[in-house]
Amino acid sequence: MVLAILKHNPKDRKIRSKGFSILLLTIIGLIFLPNTSIAQRLSLKQQMLIEKTLEPILQEEAGKHELLMGKGAFVQLGQDTLLNIHGLRYLFKITGDTVIRLDKSVYHGSNYYRYLFEYNGQIFTMGGYGQFVTNNNLESFNFDNKEWYLVKTTGQKPSYIKGCVIRVKDQLYLFSNSLSGNSIEENISDPYFYQLDLPSLTWKRFPIVQSELQNFQAEIILYTTDYIVVLDNRNAMLIHPKTLEFIQVTQEELGIKTSYQNISVDNNSLFFSNDIHHPSNENLPGVSMVTFWNNHKSKAKKINLNPTYFQQYPKEMLISILLGFVLLVFAIVIFLKNRIKRKKQTPLIQRIIRHNSKTLTTEELDQLLGIDHMELESRKAKRHRILAQIEVASPGLIHRIKDESDKRRFVYFVSRD
């Protein structure tokens, strides 16, 4: 039909050339580019095949795992679409209307709500909860050995990982992180958010500076095509990773009722049911994340992934500022005091202070006082009066002490402090 339309415009070569280019790009895109809508869905046949694979190990639990988990369960590796069910270490390749198991794992059940991602051609899972433990593991799948292996990370690594993860290029940001109390104790909220640099596998830790994120304890994390939904026991947080914004509402506002036992993900929509064996979501109650976001966009707030030092440590910064202010005031007082003291110094006092010797004989002192030309008794009387005046103007400047070499004589000590 496209060709037929183009033939009706033989004179417009530019339009025809553009039409062929669009058609060619469309064909190339359909052949070579990953189809994200297909990559996040399973057919009923594929669901049954996977449950049959799970049955020998999980037995009656095999049919209790929700397989329609959207972007949180699928990862694209080249031209291959791979599926990993949260909580289990099975890895399947989706091909046509069937599935191929790639792993030979026998250990399962320790990483529910882990974060699944691809980096540099490798498949990783991070964190998760299971068997009464909230782990902080980073695991990578080895396609040769068909097993998952632990990957070492360094830096300020979180003690547990079960929260929302946002990926920005080669950086992973973890927040709303919580430690399960296993229904015996209260869950613990992590007061920090973390950054994992994928090239170096190094963690950094920052205090959470936004009050809405500080006490949000993630229990369920759902990844749709363009959004992340984090649920605690009553509230819901809808996150838009591309704009780094979030909206916090109640689960009831989002359309989630306490009677629903199951939530499935289909592209950008959530569907609610009491049975995981649903071939289609057409007749199920659900909510479109796109529609909900657009209707509540006015409530959206920016996620601060690069807080300033003052935002991270407000109390410490305030104490530092106050301490600096006190020190500054103290320095100003000392400066002014010394300045006033210098103003009070007469030329005679300044001459005495500048003298290069700390001790003066009587003769040297008389020369500085300018009385060395007087008769002995007159000098003594004049010296006494001048020293009394100096003591008033600059207390403690001159002390009379016994001469160590001749106890019959006195010398004068000049204190410059």
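The values are calculated or read from the model by the stated rules, or taken from the named source; none is laboratory data. Keep in mind that this is a model prediction, so the values were computed, not measured. Because the Cβ atoms are built from the backbone with ideal geometry, glycine has one as well, and the counts that use them run over all protein chains shown.
Mind listing just one residue for me: the one in region 368-392 that is of a type outside the set (Lys, Arg) and surrounded by 14 or more Cβ atoms within 10 Å (Cβ to Cβ) and, of those, farthest from the chain's Cα centre (by Cα)?
Start the filter on region 368-392 by keeping residues that are of a type outside the set (Lys, Arg), which leaves 368-378, 381, 384, 386-392.
This time we only want the ones that are surrounded by 14 or more Cβ atoms within 10 Å (Cβ to Cβ), so: 368-369, 371, 374, 386-387, 390.
Working: LEU368: 70, LEU369: 72, ILE371: 77, MET374: 83, ILE386: 71, LEU387: 69, ILE390: 65 Å.
Filtering first and then ranking leaves MET374.
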Of (1) at pLDDT 85 or above; (2) closer than 29 Å to LYS337 by Cβ, LYS380 satisfies all except one. Which? (2)
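Condition check ((1) buried (at least 17 other Cβ atoms within 10 Å of the Cβ); (2) at pLDDT below 95; (3) in contact with a Leu (Cβ under 8 Å, 6 or more places away or on another chain)) across all residues:
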site: GLY70; (1), (2), (3): yes, yes, yes
site: ALA73; (1), (2), (3): yes, yes, yes
site: GLN76; (1), (2), (3): no, yes, yes
site: GLN79; (1), (2), (3): no, yes, no
site: HIS86; (1), (2), (3): yes, yes, yes
Every pair of residues 6+ apart whose Cβ atoms lie under 9 Å, when the first sits in region 204-223 and is acidic (Asp, Glu) while the second is part of a loop (DSSP other than H, G, I, E, B) and exposed (fewer than 15 other Cβ atoms within 10 Å of the Cβ): GLU219/ASN233
Scan region 209-216 and tell me whether some residue there is in the same structural domain as GLN261 (by TED's automatic domain parsing), among the hydrophobic types (A, V, I, L, M, F, W, C) and assigned to a strand (DSSP E or B). no
Reported set for region 207-231 where residues are within 16 Å of the chain's Cα centre (by Cα) and surrounded by 19 or more Cβ atoms within 10 Å (Cβ to Cβ) is ILE208, LEU213, PHE216
Output for region 254-270, where each listed residue is touching a helix residue (DSSP H, G or I) at 6+ places or on another chain (Cβ under 9 Å) and of a type outside the set (A, V, I, L, M): GLY255, LYS257, THR258, ASP266, ASN267, ASN268, SER269
Do we have any residue at all in region 235-256 that's touching a strand residue (DSSP E or B) at 6+ places or on another chain (Cβ under 7 Å), farther than 17 Å from LYS299 by Cα, in contact (Cβ under 8 Å) with a residue 12 or more places away in the chain and charged (D, E, K, R)? no
Odd one out for PHE124, checked against (1) surrounded by fewer than 20 Cβ atoms within 10 Å (Cβ to Cβ); (2) modelled with pLDDT of 95 or more: (1)
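In region 113-205, which strands (runs of 3 or more DSSP E) lie fully inside it and hold 2 or more residues that are more than 18 Å from PRO241 (Cβ to Cβ) and either among the aliphatic types (A, V, I, L, M) or assigned by TED's automatic domain parsing to the domain that holds PHE92 (or both)?
Values: elements: 115-119, 122-130, 133-142, 147-150, 164-168, 171-175, 192-197.
In region 113-205, the matching strands (runs of 3 or more DSSP E) lie at 122-130, 133-142, 147-150.
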Starting from region 391-406, take each residue that is assigned by TED's automatic domain parsing to the domain that holds GLU363 and under 19 Å from GLN350 (Cα atoms) and list its partners that are of a type in the set (A, V, I, L, M) and part of a loop (DSSP other than H, G, I, E, B), counting only C-beta distances under 9 angstrom and pairs at least six apart or across chains. GLU391/LEU397
Members of region 221-270 that are acidic (Asp, Glu), in a loop (DSSP other than H, G, I, E, B) and over 20 Å from LEU68 (Cα atoms): ASP232
